[in-house]
Each structure stands twice: as C-alpha cells, then as structure tokens.
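Structure record follows, encoded as structure tokens.
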Amino acid sequence: MSKFKYICAFILLSAAAACAPTATRVDTAAKAELAELILVNGKIVTVDERFSIAQALAIRGARIIAVGGNDEIRGRAGAGTRVMDLEGRTVIPGLIDGHTHWIRAAEHDELRLDGVTSRKAALEMLAARVKAARPGEWIATLGGWSEEQFNDDPRGFPLAELDRIAPDNPVVLQAIYRHSYLNTAALKAAGIDAKTPNPGNGTIEKDAAGRPTGIVRGAGGVAFVAAKIPLMDAAGWLANTRKYVHYLNSMGVTGWLDAGGRGMSPRHYAPYQYLAERGELHARVYWTTIRQPSTAAQVDKVVAEIATLKPFQGNDYFDHVGWGESVFAPITTQLLRPKSNLDPAAFAQARRIMVALAERGVYLNAHVEMTDAIDAYLDMVESVNREKPMKGLRWSFSHLDQVTPAQLERMKRLGMNAQIHTRPLIQGALMHEVHGGKAWTMPPFRAIQDSGILWGLGSDATAVTTSNPFYNLAFAVTGRMVGGRKVNSATVSREEALIAHTRSNAVVVFQEGNLGSLQPGKYADLLVLDRDYLTVDADAIKDIKPVVTMVGGKVVYEAKP
C-alpha cells in the first residue's frame with residue numbers, strides 16, 4: 001500500500017533483538033498467537049463498552065487478536081508479519097448503516113448529487129457526465145438531494161436548461177420523492193406526452209397548451225418516471241454492484257441493514273449473493289424482506305409466505321435477517337405528511353402480519369414517524385406480544401421522528417430498538433415548513449439517547465438523503481443540513497453518535513459478537529481516517545474521509561496519495 005509503510009516484522013524487531021535474549025523473544029511469542037498484520041503508532045478508538053483508546057492492534061486472518069500499546073502489539077509480530085505504521089492517525093470501527101436502500105441502488109449507475117451545495121457545481125457534474133455518456137444513454141439521479149441544499153441558487157432544473165446540456169441523452173433528476181426533472185429526450189424515451197394521463201399519486205405538469213413541462217410531481221409520479229429507466233443486463237448489474245460497494249467503502253461503510261424498497265426483485269439481490277459466495281463482497285449486507293401489501297388478499301399471501309421463512313441461512317457477508325419496513329401499505333406514514341392513517345381496519349390487516357412474524361420468530365422493522373401513528377403501532381405490538389411473546393426478536397421501529405419519552409419506555413419494555421435517521425440533512429428546511437417548531441427535535445436524538453433504549457444511526461439512503469456516514473455523524477452532532485443550515489437542536493455527543501453508528505448497529509443486524517467495536521475476537525472491520533473524529537471541529541466531521549477501509553482484515557479501499 002502506498003499510504004503507509006509495510007515492512008516485515010523481523011526488521012522492526014531487530015533493534016529489540018539486540019537488547020533482549022533470543023530465548024525471551026521466543027518464549028513471549030509462544031505465549032501469544034502471532035499476527036499476520038499489526039497496526040501501530042495510532043489512536044485506536046475501540047468503541048468498546050469503556051470507549052477505550054489504544055495505540056495498536058493485531059490481526060490474524062479476518063479477526064482482531066489483540067488491542068493495546070505499541071510494545072505489546074509488536075510482541076505479536078513474527079518473521080512474516082506485516083506492519084502498518086499509522087503515523088498517528090485515528091482508527092475507528094467500520095461504520096454500519098442501520099437502515100438503507102443500497103441494494104436497490106445498484107440497478108442504475110447514478111449521477112449522485114449527495115453533499116453538493118452549489119447548483120452551479122451540480123450542472124457542471126451533469127455536463128461532464130453527458131460528455132462521457134454514450135449516445136442515447138440515460139443519465140439519472142434518483143434522489144439524495146433537494147433544491148434547499150444549494151447555497152448559490154436554490155431552485156430546480158428547467159426543461160430548456162436540461163435540453164441545452166443534454167440534447168441527445170435522456171436525463172432524470174429526482175429530488176427526494178417529491179418531483180423529477182426530465183429533459184425532452186427523457187420525456188420522449190419514457191413515452192410521456194400531452195396525452196399521457198397522470199399516474200396514481202402523481203402529476204405530470206403541463207403548460208397552458210397541454211405540453212409536458214418536464215416536471216413530474218408526487219411520490220407516485222417519481223416512481224412512474226423511475227420505472228421507465230432501463231435496467232442493466234446481468235453482467236452490467238454485477239459490475240455496477242462491485243462499483244457501488246467500492247463507492248460505499250470509500251466513504252467508510254463496511255456494513256448495513258437493507259430495507260428493500262420500490263420494485264425489488266430477486267434480480268436485485270442476485271449480484272450480492274454471487275459476490276458473497278465467492279468471497280468478493282467487500283461489505284456486510286443484512287437484508288429484510290419487503291412486500292408492502294395493500295389489500296386483505298395480498299395480506300393472505302404475505303402470511304402464507306411468512307410461514308415458510310428461514311432467516312439467518314446466509315453468512316457474515318450476506319444474510320436475510322427478517323421482515324420490513326412497510327408492514328401494510330395504507331398505514332405507512334410519510335415524513336412530510338403530518339396526518340397519519342389510523343383506520344382500525346387497516347391496522348387489523350397489519351396485525352395479521354405481525355402475529356405471523358411473532359409466531360415464526362422473525363425480526364420485524366416497521367416504518368413509523370408521527371406521535372399518533374407510533375401510539376397506534378405500539379398498541380398493536382403490545383397486543384401481539386400478549387398473544388405471542390416477542391421479546392428477544394429485537395423488533396424495531398424506524399424513523400420515529402416525533403417519538404415521546406413515554407413511547408420509548410413502552411418500546412423498551414417490549415425489548416424493541418430504534419432505527420434513527422438523518423433525513424433532515426436534505427429535508428430539514430422542508431420539515432420546518434411542514435412541521436413548524438416540532439422540526440427542531442425531529443428526530444429527537446437527545447431524548448432517545450437519554451431514554452436508554454438501544455438505537456442505531458443510519459441514513460435511509462439513497463432517495464431521501466445522502467449516503468455518506470460522516471454526514472450522518474455530523475448531523476447527529478451539529479444538527480446542520482447539507483449547505484450548513486441549522487435545522488435540529490436535539491443533538492448528541494460525537495461519542496454517542498459513533499456508538500450508534502457502530503456498536504449499536506451491530507446489535508440491530510444481530511452481529512454484536514462479530515462487529516461494532518475493535519476488540520479481540522471481532523472481525524477486523526475498520527477505518528483509518530484522514531483526521532481525528534474525536535477532536536476535529538464539529539463542522540468538519542462531515543468532511544472526514546477514510547485513508548484505508550478494511551473489511552475482515554482485508555483492505556478494500558485505499559485513498560490515492
């Protein structure tokens with residue numbers, strides 16, 4: 001590796017050999033398992049129960065065998081041991097995202113605008129992508145940004161502007177799940193014209209003459225547009241999966257819980273399964289089944305499917321762990337829609353699914369945000385628990401943007417955990433428009449932390465926020481959205497945020513014995529950082545980058561010098 005010095009251990013130990021009898025060195029080595037790789041001269045932030053800080057660690061195979069001082073760890077070196085001199089750099093556990101939709105993201109090679117704070121820069125990125133594209137190739141950005149993150153010009157992308165930049169390539173720029181901007185080539189390729197009817201839960205915006213303006217609005221509208229974008233063939237999809245995982249590695253992601261999403265099929269999971277079986281998947285992916293039934297008949301099919309489920313049959317790189325996140329589609333809540341559907345008949349259908357999961361002993365994650373809906377979901381879970389005790393199944397609610405202390409206590413009694421996300425990174429300004437003063441504590445990081453419930457930090461990427469885990473950490477600590485605007489005042493310490501993004505999320509994915517902290521016996525999933533997470537200015541946390549990302553003792557990403 002070019003970033004760090006790798007040398008054989010016998011060279012490092014030669015000075016010590018001159019000062020100590022050979023017998024002593026042999027006896028010491030015999031007492032301890034020798035390492036294949038040691039990292040020395042660093043600041044090892046273990047994130048163990050004591051949040052210990054060490055200087056060095058030793059790795060054999062895929063696992064850590066020792067953590068401690070430089071001298072202690074050098075004692076684990078043999079003649080063939082490789083040594084990485086960290087030169088004072090900080091090391092943290094690999095970051096685990098507790099709730100994402102990244103499996104789906106590999107279906108397209110997207111142009112991502114994550115973290116871009118200038119509309120001018122976004123246009124330059126689009127122009128560069130068009131220049132590199134093949135004639136007729138689609139260029140898509142399916143969420144992960146909003147106009148409010150642009151500091152220079154917070155507006156969208158008119159049809160004429162997109163046509164000027166990309167006259168021959170279909171372009172779709174989707175802002176969250178609110179609307180999509182299309183150019184003329186995309187409208188034509190998608191078959192959208194003056195006669196095209198509005199899709200369900202969506203609107204094709206048209207001018208006074210009835211011509212499409214290039215804007216399609218609403219969640220149903222953006223889904224309608226996204227479904228028009230061609231998918232890759234199997235070889236292209238596999239190659240893009242490798243590329244996408246490498247992209248995540250470059251930001252410090254070593255594992256995640258995937259909640260599925262729109263249009264998921266076996267084709268989405270197949271590339272990950274293929275890579276995992278060959279030892280070529282460079283991140284740990286734990287996924288839940290998503291079905292989103294909307295009728296009683298569809299619930300019948302779901303209940304029958306649940307009766308056949310056998311989770312945890314994969315490996316520590318790719319494994320099915322349960323069910324979620326939309327239990328019954330009609331009661332799924334939305335961040336920018338304060339009103340919840342509390343129809344008892346709809347909740348009765350959701351309860352049927354919950355009972356089936358509890359009877360089968362399957363983990364469930366349910367998407368729920370507003371206070372009234374959380375109460376209704378808790379009533380339902382408590383009812384299921386009385387019928388079929390589910391403590392130990394680690395059921396969770398995700399998002400919980402308006403959860404109360406009383407509701408958190410109810411969750412704790414049920415043995416539940418909380419998946420908390422950083423969607424205000426790009427939606428914070430919109431949340432203040434919709435929810436007013438309540439938005440300052442959405443989500444209520446501080447209250448959740450103080451409640452004592454186990455909570456994991458995640459992004460909910462890719463459509464509704466950015467994917468970079470250091471943006472997650474930064475938001476939990478500063479409450480600032482992309483672009484710098486303060487939108488959340490319920491922040492936590494950087495230590496608490498890091499625990500939530502590592503050790504706590506290891507519990508969420510049923511891997512606390514293997515992941516989440518840098519301790520002997522756990523996998524050597526770790527990041528060497530370009531600056532110290534614990535001391536850098538809080539507003540610079542978002543800018544931290546891994547110099548090295550390691551998964552299972554293997555370097556899967558190294559920054560170029």
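Restricting the stretch 73-95 to residues that are in a strand (DSSP E or B) and open to solvent by 50 Å² or more (accessible area, probe 1.4 Å), which is nearest to Ile53 (Cα to Cα)?
Quick first cut of the stretch 73-95, residues in a strand (DSSP E or B) only: 77-85, 90-93, 95.
The next check asks that each one be open to solvent by 50 Å² or more (accessible area, probe 1.4 Å); those that pass are 79-80, 82.
Values: Ala79: 28, Gly80: 27, Arg82: 22 Å.
Ranking the candidates gives Arg82 first.
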Item to check | Unmet requirement for Tyr177, which otherwise passes all of (1) surrounded by 15 or more Cβ atoms within 10 Å (Cβ to Cβ); (2) modelled with pLDDT of 95 or more; (3) under 23 Å from Thr465 (Cα atoms); (4) not basic (Lys, Arg) | outcome: (2)
Checklist entry - Restricting the search to the stretch 181-212, which residues are of a type in the set (Ser, Thr, Tyr) and within 17 Å of Leu142 (Cα to Cα)? => result Tyr181
Checklist entry - Taking the stretch 390-400, which residues are surrounded by fewer than 19 Cβ atoms within 10 Å (Cβ to Cβ) and either on the phi < 0 side of the Ramachandran plot or aromatic (Phe, Trp, Tyr) (or both)? => result Lys391
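Mind checking which residues of the stretch 128-156 are among the aromatic types (Phe, Trp, Tyr) and buried (at least 21 other Cβ atoms within 10 Å of the Cβ)?
Taking the stretch 128-156 first, the residues among the aromatic types (Phe, Trp, Tyr) are 138, 145, 150.
Trp145, Phe150 - these are the residues of the stretch 128-156 that are among the aromatic types (Phe, Trp, Tyr) and buried (at least 21 other Cβ atoms within 10 Å of the Cβ).
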Item to check | Selection status of Asn249, open to solvent by less than 10 Å² (accessible area, probe 1.4 Å), outside any strand (DSSP E or B) and within 23 Å of Ile426 (Cα to Cα) | outcome: yes
Next on the checklist: What's the total number of residues in the stretch 55-67 that are in a strand (DSSP E or B) and either among the acidic types (Asp, Glu) or surrounded by 18 or more Cβ atoms within 10 Å (Cβ to Cβ) (or both)?
Outcome noted: 9
Next on the checklist: Please go through the stretch 144-165 and give me each residue that is over 31 Å from the mean Cα position of the chain (by Cα) and of a type in the set (Gly, Ala, Ser), ordered by number.
Outcome noted: Ala160
Checklist outcome for this item: Within the stretch 281-301, of all residues that are of a type in the set (A, V, I, L, M, F, W, C) and farther than 29 Å from Ile96 by Cα, the one least open to solvent (accessible area, probe 1.4 Å) is Val299
Checklist entry - Applying the selection to the stretch 312-350, what residues are touching a residue at least 40 places away in the same chain (Cβ under 8 Å) and among the polar types (S, T, N, Q)? => result Ser326, Thr332, Thr333, Gln334, Gln349
Checklist entry - With respect to Ser340, is the statement that it is part of a loop (DSSP other than H, G, I, E, B) and more than 20 Å from Thr308 (Cα to Cα) true? => result yes
Checklist outcome for this item: Of the candidates Asp537, Asp530, the one satisfying the condition of being open to solvent by 30 Å² or more (accessible area, probe 1.4 Å), in contact with a Lys or Arg (Cβ under 7 Å, 6 or more places away or on another chain) and modelled with pLDDT of 95 or more is Asp530
Checklist outcome for this item: Residues of the stretch 294-306 being more than 16 Å from Val362 (Cβ to Cβ) and either acidic (Asp, Glu) or not in a helix (DSSP H, G or I) (or both), in sequence order, are Ser294, Thr295, Asp300
Item to check | Residue within the stretch 307-328 that is in contact with an Asp or Glu (Cβ under 8 Å, 6 or more places away or on another chain), part of a helix (DSSP H, G or I) and open to solvent by less than 40 Å² (accessible area, probe 1.4 Å) present | outcome: no
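From the list Arg25, Arg74, pick out the single residue that is of a type outside the set (A, V, I, L, M), at pLDDT 95 or above and at negative phi.
Arg74
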Next on the checklist: Return the pair list, or none, for Cβ contacts closer than 6 Å from residues in the stretch 245-266 that are in contact (Cβ under 8 Å) with a residue 12 or more places away in the chain to residues that are open to solvent by 10 Å² or more (accessible area, probe 1.4 Å) and aromatic (Phe, Trp, Tyr), at least 6 apart or on different chains.
Outcome noted: Asn249/Tyr557; Ser250/Tyr557; Asp258/Trp287
Checklist outcome for this item: For the stretch 145-172, the count of residues that are in contact (Cβ under 8 Å) with a residue 60 or more places away in the chain and not in a loop (DSSP other than H, G, I, E, B) equals 2
Next on the checklist: One residue is enough: does the stretch 126-138 have a residue meeting the conditions modelled with pLDDT of 95 or more, part of a loop (DSSP other than H, G, I, E, B) and under 17 Å from the mean Cα position of the chain (by Cα)?
Outcome noted: no
Checklist outcome for this item: For the stretch 221-238, the count of residues that are assigned to a helix (DSSP H, G or I) and either out of contact with any helix residue (DSSP H, G or I) (no Cβ under 9 Å at 6 or more places or on another chain) or open to solvent by less than 60 Å² (accessible area, probe 1.4 Å) (or both) equals 10
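Could you tell me how many of the residues in the stretch 114-125 are in a loop (DSSP other than H, G, I, E, B) and either surrounded by fewer than 19 Cβ atoms within 10 Å (Cβ to Cβ) or without any contact (Cβ under 8 Å) to a residue 12 or more places away in the chain (or both)? Let's see the steps before the verdict.
Kept after step one, since they are in a loop (DSSP other than H, G, I, E, B), are these residues of the stretch 114-125: 114-118.
Then drop every residue that is not either surrounded by fewer than 19 Cβ atoms within 10 Å (Cβ to Cβ) or without any contact (Cβ under 8 Å) to a residue 12 or more places away in the chain (or both), which leaves 117-118.
The total comes to 2.
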Checklist outcome for this item: Flagged in the stretch 432-460 as open to solvent by less than 10 Å² (accessible area, probe 1.4 Å) and either modelled with pLDDT under 95 or touching an Asp or Glu at 6+ places or on another chain (Cβ under 6 Å) (or both), in numbering order, are Met442, Pro443, Gly458, Ser459
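Among the residues in the stretch 31-53, are any at pLDDT below 95, assigned to a helix (DSSP H, G or I), small (Gly, Ala, Ser) and over 17 Å from Val528 (Cα atoms)?
Of all residues in the stretch 31-53, those at pLDDT below 95 come to 31-33.
Cutting the leftovers down to assigned to a helix (DSSP H, G or I) gives us 31.
Restricting the remaining residues to those that are small (Gly, Ala, Ser) gives none.
Within the stretch 31-53 (the criterion being at pLDDT below 95, assigned to a helix (DSSP H, G or I), small (Gly, Ala, Ser) and over 17 Å from Val528 (Cα atoms)), the answer is no, since none of the residues qualifies.
Can you tell me which residue is surrounded by the fewest Cβ atoms within 10 Å (Cβ to Cβ) among those in the stretch 337-389 that are basic (Lys, Arg) and within 21 Å of Ser294 (Cβ to Cβ)?
Pass one, the stretch 337-389, residues basic (Lys, Arg): 337, 339, 351-352, 360, 386, 388.
With within 21 Å of Ser294 (Cβ to Cβ) added as a condition, the list becomes 337, 339, 351-352.
Working: Arg337: 12, Lys339: 10, Arg351: 20, Arg352: 20.
Residue satisfying both the conditions and the ranking: Lys339.
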Next on the checklist: Can you find, within the stretch 508-561, the residue that is farthest from Gly324 (Cα to Cα) among those that are among the aliphatic types (A, V, I, L, M) and in contact with a helix residue (DSSP H, G or I) (Cβ under 6 Å, 6 or more places away or on another chain)?
Outcome noted: Ala538
Checklist outcome for this item: Ile353 passes all but one of the listed conditions (1) among the hydrophobic types (A, V, I, L, M, F, W, C); (2) assigned to a helix (DSSP H, G or I); (3) closer than 20 Å to Pro311 by Cβ; (4) without any contact (Cβ under 8 Å) to a residue 40 or more places away in the chain; the exception is number (4)
Checklist entry - Taking interchain pairs and intrachain pairs at least six residues apart, which have beta carbon atoms under 7 angstrom, with the first residue in the stretch 406-420 and under 18 Å from Ala500 (Cβ atoms) and the second of a type in the set (S, T, N, Q) and open to solvent by less than 10 Å² (accessible area, probe 1.4 Å)? => result Met416/Ser396; Asn417/Ser396; Ala418/Ser396; Gln419/Asn365; Gln419/Ser396; Gln419/Ser398
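The values are calculated or read from the model by the stated rules, or taken from the named source; none is laboratory data. Computed from a predicted structure; not experimentally measured. Don't worry about glycine lacking a Cβ; one is built from the backbone with ideal geometry, like all the others, and counts go over all protein chains shown. To get the accessible areas, we keep the full protein, side chains included, count just its heavy atoms, and leave off ligands, DNA and RNA. Shrake-Rupley method; radii C 1.70, N 1.55, O 1.52, S 1.80 Å.
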